[in-house]
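The numbers here are math on the coordinates, done by the rules we state, and not lab data. As the structure is a prediction and not an experimental result, all values here were calculated from the model. Please note: Cβ atoms are built from the backbone with ideal geometry, for glycine as well, and neighbour counts cover all protein chains shown.
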Amino acid sequence: MRVAFLLVVVSTVSGTPSEKVCTYWDVVDYLNLTTDADFFKVTRPTLDYRNPTVLELDLLLFAILGVIEKTQTFIPFVWTSMIWVDERISWDPNQFCGISNITIPKEMIWKPDILIYEMIKKDDSPSNPYVFVSHDGRVTFDDDIKLVSTCRLDVHKFPFDTQRCNITIGSAIHSVEEIRILPLSNASRITQFSQELIRSQGEWEFLHLSIANLNLTIYGRVWEQLVFTFVMKRRPHLHVINFLLPILFFLCLDLASFFISDDRGEKLGFKVTVLLAISVLLLILNDILPAMSNQTPLIATYCILIFALMLLSLLVTILVTYLMDRDSELKDDKQEVVPGGTCNTEEKIHTIRSCTSNGLEPVAKEVQHNTTLLNATFKPDDSHIFLLILEELKELRKTRNADAGCKQERGSSFIWATRINKAFFIFYLGSVLVFLPAIFIKWTH
Ligand SMILES: *[C@@H]1O[C@H](CO)[C@@H](O)[C@H](O)[C@H]1NC(C)=O
Ligand SMILES: *[C@@H]1O[C@H](CO)[C@@H](O)[C@H](O)[C@H]1NC(C)=O
C-alpha cells in the first residue's frame, strides 16, 4: 500500500497523466457484494461445507461499571474483536491501485452468531455498524459491549474479597464441526492490554484475565466455547471507613462505659444508645449483602458477635443495677427499724466501741507506753504537747476505722454486683482481644 501511495505521489509530481483512479466501490462492485447480496449473507462463508469456519476472538476490559452483590451481577464494559475468513471474498490489490482493505456495512455479509452465555440484559450501547474486510477474505469485526452478566459472587470475605467472574462466548447454533472458536491473543497479552485500556478507578482493581477453551456436549453435539475469567480485587477502604471502624468505635465506647458509675441510671441509657447505633449500621449491611450465600460472611459474624457482646454487657448492667437497687432498699429498711440511726452516728459509735474493745487495745497500750517514755525524757510542758498530738492521732484513727466499718456495712448484693461487674469486664475485654485479631487474620488471608 505504501508503494502504491508513493507511485501516486511520484506520478502527480512528475506531471505525467495519472494512472487509473480507484474507489472502494470498484472493489464492492467487483465482488458483486450488492448485486449478489444473498450469496454473501445467507450461508456460512466456506467453499467446502466440511471446512469449519475458524473464529478468533479477543475480549478486552475497558471498565468495570459495577459489581452488585445483592443481585449477583457483574457489569463490565468490554471491547470484543472477532476475526474470521470469508472464503468467497478475495481480490488482487494490484488491480485496484493497491486497495487491500475495505469497510462495508456489517449487514452485507455473514456474521457469526455469537452468544454470551452469562449476559442477562440486551446491550443498549451503540453498536459499530461496519466490518473491515481484507483482500484475502479476512473479516474483522470490533464492538463495544456493556455486558450485564450474572456472576457467582462469593461475599464470604467481604469487603476484603477477590472475585472471579466468567464470560463464556460460544456460537448459538453452530457446533464444533461448523465453527471453531479460538482466542486471538494469549491471556497475558490481553491482561496487559486491558490494564493499559482500563479507564475506571473505582471500587474494583482489575488483577488479571485468563482464557480457557472448552467443549460443551449437549444431545450428542459438541459446541466449542471460550471462557474469559476476570479476576478483580475490591478496594476495601470505603467499607472499612463507613462500616467496620464505626462498629469498632461503638464497641470501644461500650467498653469505656464500664467506668461510668454504677449508682446512676446513666450507664444503662448509654449502653442502650450504643446498641441502637449499631442496629442502624446493620441495616446498611442488609442493603449490600445477598440473601443467599454458601458461607456466612465474615462481616456478618463480626457484627453479630459484637452485637451479642454488647447485648450481654447491657444485660449484665441491668443485673448489676438491680442488685444495687436491692441493696440500697435493704439498707433503707434497716434504717427504718432504728429510727434516727444513720451510718454516721449510731452505727459509727457502735463500730468505734467494737473496734476499741478489741482491735485498738494494743495501740492504746503502746500510746500509754510512749507517754511514759516521753514523760521520762522531756520536760512536763513539752510532753504535754506531744500528748495532745497523740490524742489527736488516736481520735483520727478511730474515725477512720469507723468509716471503713460503715462501708463494709453494705449488703452482700452490693458486693456481688461489684464482683459480677468486674468479672464481666475482664471477660468482655478478653473476648474482644481474642476475637477481633482472629477474625482479622481470617479476613485478610
Ligand atoms: C460477479 O458477477 C458477474 C456476473 O454475474 C460474474 O461474471 C463475476 O465472475 C462475478 N464476480 C465474482 C468475483 O464472483
Ligand atoms: C474440542 O473439540 C475440537 C474438535 O473435536 C478439538 O479440536 C478441541 O481440541 C477440543 N477442545 C477441547 C478443549 O477439548
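Given 0.36 nm per residue, what is the gain on full extension from HIS384 to THR162 after removing their alpha carbon distance, in nm?
My answer for the length gained is 71.1 nm.
What distance in nm lies between label points placed 7 Å from Cα along the C-beta direction at ILE120 and THR34?
Modelled inter-label distance: 4.6 nm.
Mind ranking 383-394, 97-108 by how tightly packed they are, going by the mean number of other C-beta atoms within 10 angstrom, highest first?
Highest-to-lowest ranking by the protection proxy: 97-108, 383-394.
Full-extension gain between LEU276 and VAL54, please, as 0.36 nm times their residue separation minus the C-alpha to C-alpha distance.
Contour length minus Cα-Cα distance gives 73.6 nm.
What is the magnitude of the charge dipole of the stretch 16-112 about its Cα centre, with +1 placed on the Cβ of each Lys and Arg, -1 on the Cβ of each Asp and Glu, and no other charges, expressed in debye to the nearest 20?
Computed charge dipole of the stretch 16-112: roughly 320 debye.
Convert each backbone phi in the stretch 429-440 into a coupling constant with the Karplus relation 6.51 cos²θ - 1.76 cosθ + 1.60 (shift: θ = phi - 60°), then list the ³J(HN,Hα) values in order as whole Hz, x for Gly and Pro.
Working through the residues one at a time gives 4, x, 5, 5, 5, 7, 6, 5, x, 4, 5, 5 Hz.
Quick one: grab the alpha carbon gyration tensor of the stretch 88-148, order the square roots of its eigenvalues as a ≥ b ≥ c, and give me rounded if a/c is under 1.5, else prolate or oblate depending on whether a/b is larger than b/c.
prolate
Tally Lys and Arg at +1 and Asp and Glu at -1 over the other residues with C-beta under 13 Å from the C-beta of VAL222: what net charge comes out?
With Lys, Arg at +1 and Asp, Glu at -1, the net is -1.
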